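The values are calculated or read from the model by the stated rules, or taken from the named source; none is laboratory data. Quick caveat: nothing in here was measured; it's all calculated off a predicted structure. We place every Cβ from the backbone using ideal geometry, glycine too, and count neighbours over all the protein chains shown. Accessible surface is based on the protein model in full, side chains and every heavy atom, while ligands, DNA and RNA are left aside. Shrake-Rupley method; radii C 1.70, N 1.55, O 1.52, S 1.80 Å.
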There are 2 protein chains.
Amino acid sequence: MKESTRRRARRRERRSGSPPGSLKPLINQLPLVTVLSDEGVRIIHQASMRLLKEQGVMVLDFPPARETFREHGAQVEDDLVRIDEDTLMHFVRQAPASFTQLARKHDNNVQIGGNHMVFAPVYGPPFVSDLDGGRRRASIEDFRNFVRMAYLCPHMHHSGGTLVEPNDVDVRERHLDMLLAHITLSDKAFMGSVTHADNARDTVTLARILLGADAIEENPAAISIINASSPLRFDDRMLGALEVYARARQAVIVTPFIIAGAMSPSSVAATLAQQNAEALFGICYAQMLNSGTPCVYGSFLANIDMKSGAPCFGTGENALALYATAQMARHYSLPYRSGGNLTAARTPGAQAGYESAATMLPTVQAGTNFVLHAAGWLEGGLISSYEKFILDAEMCGMLVRMVGGITLSDEDFAWDAFDEVGPGNHFLGSEHTMRHYTTAFYQQTVFSMDNYELWEEKGSPDSYKLANSRWKQMLKEYEPPTLDEAIAEEMQAFVAQRRNELRDRKPRTEWRTS
Amino acid sequence: MKESTRRRARRRERRSGSPPGSLKPLINQLPLVTVLSDEGVRIIHQASMRLLKEQGVMVLDFPPARETFREHGAQVEDDLVRIDEDTLMHFVRQAPASFTQLARKHDNNVQIGGNHMVFAPVYGPPFVSDLDGGRRRASIEDFRNFVRMAYLCPHMHHSGGTLVEPNDVDVRERHLDMLLAHITLSDKAFMGSVTHADNARDTVTLARILLGADAIEENPAAISIINASSPLRFDDRMLGALEVYARARQAVIVTPFIIAGAMSPSSVAATLAQQNAEALFGICYAQMLNSGTPCVYGSFLANIDMKSGAPCFGTGENALALYATAQMARHYSLPYRSGGNLTAARTPGAQAGYESAATMLPTVQAGTNFVLHAAGWLEGGLISSYEKFILDAEMCGMLVRMVGGITLSDEDFAWDAFDEVGPGNHFLGSEHTMRHYTTAFYQQTVFSMDNYELWEEKGSPDSYKLANSRWKQMLKEYEPPTLDEAIAEEMQAFVAQRRNELRDRKPRTEWRTS
């Protein structure tokens, strides 16, 4: 191997093995997969418009939203808001097609929209599990561990949000501890709290302290999940948080939460129409509040198991819906959130693998811009699993290679290798292989290709066991990124003030950023 | 629920839960996934033509093939056959775009080509494994068990070929026992033997006895894998079998067997060009022997793990190659074989699940017409696993739903359900749900949606354990399909004659079918 070749190979290796916290943007080079014709997209759009005009959306316990809709031309009758296509689309069109979310490390800013993809970890589970201890209620230390793992994982572009529910912290203060963990233990972008309008305000205040009020007005520093309470319903908790974020111009992911067959009819078409109505309704509201607010068209869509009533993941129906929803989002030029490594399984075994891959591959092929639950999700979102995080990250790594597509340069065709090797001989030692062997193919970190004998010698470890060793190793090696001391102190002071207010049940005082 | 509705629902249920041995053709309704532009396809085609003209293909120990190529205008020099684009394509174009393979039960005939897909079980492993006994050398009884399972599985459209290597039968006679098992224990279409030209002749003779000499000349009754001994090499064993099948007008799947990085250069582009050259070369030869012989463009393509030298499955590189190869096959209007539920894992755990799904989903989305290894494959093809067969079949069932696409009728939009339920309420009890609940979504057989508590009560079974119960249940319930007695007797007489010849090392006598 020539010296110049080796240098080039080393440079390439360095680029692919990113150091912790330094991100390589993930850009999908592939043609996006579609399952609907243009006419199909139009039909679903029309069905949604009919639902919004005829059925309407229930706006629960939040009169200001009903008032806003009325002021902007919607029909409001008790809880129900009915809106026509022209009014709705006038506002939906004001949302940007793409935006940048700021991270505290500039290199870790993420682009959300276009052909960019952002992988973020699991969100929401009350439980954690690992091979050693099985399932247990999650703690704030578990939360911090998942922040650390996402920070170290080159395939996670985002620190995520509620990685687990830290049950050992008072529910009123929990959001503060979660936000502090994201901000101090990682330098990747993070998600905002949505459990109360005041929690959203706290998120915005911390983001202002961290990055500056002007900066985060220009580009959002928080991105937050606003769930519809499907079917065709939003409540005060979610709309309250949405209002805070929209007024502060922070990004929201408006996500109908649908188990088809229960929260929507038992068909993909009707579910798509309902989901589309709900997502557009929420996005419309954000634009009414503050035109240009970055909004992501979100989808969380599983289908029901008619036997148990539980959600199913990785099914053909779910994949179809995921692809079709991406087409709807693109139809409105909106960034799209969906998918992840989803499974109903309770342990990271075969079922978890099949279901996760059968969700994650469509997620990527659909051109999903923001992929929540990309690592760690188990038992229909009830468990954040340490091992599953590692296994899912491997899947993410393999898919990163896929979206790069196939390059067709002369070097790619390896003409010199054919000349060197000729018919009937192997290419292992060829110059071309030497030039490319470190980067030619994805290199697995936990999936093992050992032959049976070697594998038996090692104690027959399955991938569950190998993942167990891997996350322990990661946490052992973890070191936090440095944070400016003045910022750290101001954040701590603000959090202390808020803890006092919350403990004393006093109204929230707005923090004056220095 | 109205009576007419219930009747309709029952009819639909009967259709989806096919009785053993009665097949529903699988037709892919989705737009096929592409990863290459038309220009990309052209560039790979040109690269292949350059390889065939400049490098040539080594034809090992089989002078008749070299002679055939010479007669038809190729350049032959020692072992090497070089052929130009015009000559090659003249013959490749003679292969049909689609054909029917006969099964002994007429309803089980399979269409190979167009947007039809055929799932066939695992092929080739010397070992079997199950949860109870682990890995062991396979026997003829294991072989029969896999025939029985494929027969009973509604998602297997084909009985396959060498489901396992029956090591307890003398290698000379093995093919006879395997063919008899396929023919007597199942009524699905099967694959021919390729280990020796005489074994191919025996396959053809058995097919003639079973279905008649004229019938199988019109539509093939055997389909057989002809592997290139990559790179750019074919040997006498495979070309000898190919010759027998082509002259008898039986279908062949010409399949380069490539671990990229070893049997091809370390790049997807070069591997595609080489694979394309090899596949077209074999198909060209079949057409030179007998114009119009049904040929499938085959691909078995993994990439090497540079650390261990073992093949990797389910990677992004493999998926890209699988989609691209489908585009090449379509470019030549040839049916396409690839993919399956492939994995390097040694047990049906998480790694097996991810890798299998990440191969099988692209397999289906690429529009693969003949899917070998759709169920049972483990450890890079060294193990046929009883449990993996069951788990893979579940994956196949989910994908069957996906390729059906999304229908957009008024009934699909469930307008009455929205009117009945209204915003904020669930759809579980609605009339529309009642009309569709048995068929709306795929119903899993081994993947479990049980909640954690119920699952613990059942003894915390993972999918490996559930699959173990399932295959035992299937084999317990198995009953063979009836076979015409005269046919059965003639087959036994022929097989007895061949056993004697093989044991006495006498030359093969052609059987005169009655």
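Computed quantities for the displayed model
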{"read-out": "Cα-projected label distance for A:Asp78 with B:Arg93, points at 7 Å along beta-carbon direction, nm", "value": "7.2"}
{"read-out": "Within the protein assembly as shown, helix-based [θ] at 222 nm, where runs of 4 or more DSSP H residues each add -39,500 (n - 2.57), nearest 500", "value": "-14000 deg cm²/dmol"}
{"read-out": "Solvent accessible area, Å² - A:Glu501, 1.4 Å probe, full protein context", "value": "10"}
{"read-out": "Reciprocal of mean inverse Cα separation for chain B (Kirkwood radius, Å)", "value": "24.0"}
{"read-out": "Residue mean of other protein chain beta carbons inside 10 Å, B:338-348", "value": "4"}
{"read-out": "Full-extension gain in nm, A:Glu456 to A:Glu501, via 0.36 nm per residue minus C-alpha separation", "value": "10.3 nm"}
{"read-out": "Karplus-derived HN-Hα couplings along region B:438-449 (A = 6.51, B = -1.76, C = 1.60, θ = phi - 60°), whole Hz, x at Gly and Pro", "value": "6, 10, 4, 10, 4, 9, 5, 9, 10, 5, 10, 9"}
{"read-out": "Chain pair B, A: total accessible area buried, heavy atoms, 1.4 Å probe, Å²", "value": "9300"}
{"read-out": "Using a 7 Å Cα-to-Cβ projection, B:Asp84 label spacings across copies, nm, ascending", "value": "7.1"}
{"read-out": "Efficiency of FRET between A:Asp168 and A:Arg508 - r from beta-carbon atoms, R0 35 angstrom, step 0.05", "value": "0.90"}
{"read-out": "Protection proxy ranking, peptides A:114-127, A:398-411, average beta carbon neighbours within 10 Å, highest first", "value": "A:114-127, A:398-411"}
{"read-out": "Rounded accessible area per residue of the protein assembly as shown, 1.4 Å, Å²", "value": "35"}
{"read-out": "Calculated FRET efficiency for the pair A:Glu420/A:Gln443, C-beta based, R₀ 22 Å, to 0.05", "value": "0.35"}
{"read-out": "Across the identical copies, how the B:Arg136 labels are spaced - nm, sorted shortest first, 7 Å along Cα→Cβ", "value": "4.1"}
{"read-out": "Relative contact order of chain B, pairs being alpha-carbon contacts under 8 Å that are 6 or more residues apart, as %", "value": "18"}
{"read-out": "Note, ³J(HN,Hα) from phi for region B:115-127, Karplus 6.51, -1.76, 1.60, rounded to Hz, x at Gly and Pro", "value": "9, 7, 10, 10, 9, 10, x, 3, 9, x, x, x, 10"}
{"read-out": "Per-copy distances of the A:Gln473 label point, shortest first, in nm (7 angstrom along Cα→Cβ)", "value": "4.0"}
{"read-out": "Chain lengthening between B:Leu475 and B:Ser409 when straightened (0.36 nm per residue, less Cα-Cα)", "value": "19.7 nm"}
{"read-out": "Rounded to 5, the percent of DSSP beta bridges in the protein assembly as shown classed as antiparallel", "value": "40"}
{"read-out": "Set of lysines near B:Lys465 by C-alpha distance (under 24 Å), chain-local residues within fewer than 8 positions excluded", "value": "A:Lys307, A:Lys388, A:Lys458, A:Lys465, B:Lys388, B:Lys476"}
{"read-out": "Which of B:Lys53, B:Lys472, A:Lys388, A:Lys476 is most accessible, then next, and so on - probe 1.4 Å", "value": "A:Lys476, B:Lys53, B:Lys472, A:Lys388"}
{"read-out": "Inter-chain shielding of A:425-437 (mean C-beta neighbours from other protein chains, 10 Å cut-off)", "value": "4"}
{"read-out": "Nearest-to-axis residue of chain B, judged by beta-carbon position, where the axis maps B onto A, in Å", "value": "B:Gly353, 1"}
{"read-out": "Antiparallel bridge percentage (DSSP; both residues within chain A; nearest 5)", "value": "40"}
{"read-out": "Anisotropy class of region B:163-310 from Cα gyration tensor, a/c 1.5 cut", "value": "oblate"}
{"read-out": "Accessible surface of the protein assembly as shown [probe 1.4 Å, protein heavy atoms]: carbon and sulfur percent", "value": "48"}
{"read-out": "Per-residue average of Cβ from other chains inside 10 Å of A:399-405", "value": "5"}
{"read-out": "Distance between modelled label sites at B:Asn290 and A:Glu218, nm, 7 Å Cα→Cβ extension", "value": "7.4"}
{"read-out": "Gain on full stretching of the segment that runs from B:Lys465 to B:Ala488 - 0.36 nm per residue minus C-alpha separation", "value": "4.5 nm"}
{"read-out": "In Å, descending, principal axis extents of the Cα set of the protein assembly as shown", "value": "99, 80, 52"}
{"read-out": "Length-normalised contact order of region B:81-122 in % [C-alpha pairs under 8 Å, at least 6 apart]", "value": "25"}
{"read-out": "Percent RCO, i.e. relative contact order, over region B:256-372, from Cα pairs under 8 Å lying at least 6 residues apart", "value": "24"}
{"read-out": "Amide H within-cut-off set for B:Ile226, under 5 Å, with H built and near neighbours excluded", "value": "B:Ile253, B:Val254, B:Thr255"}
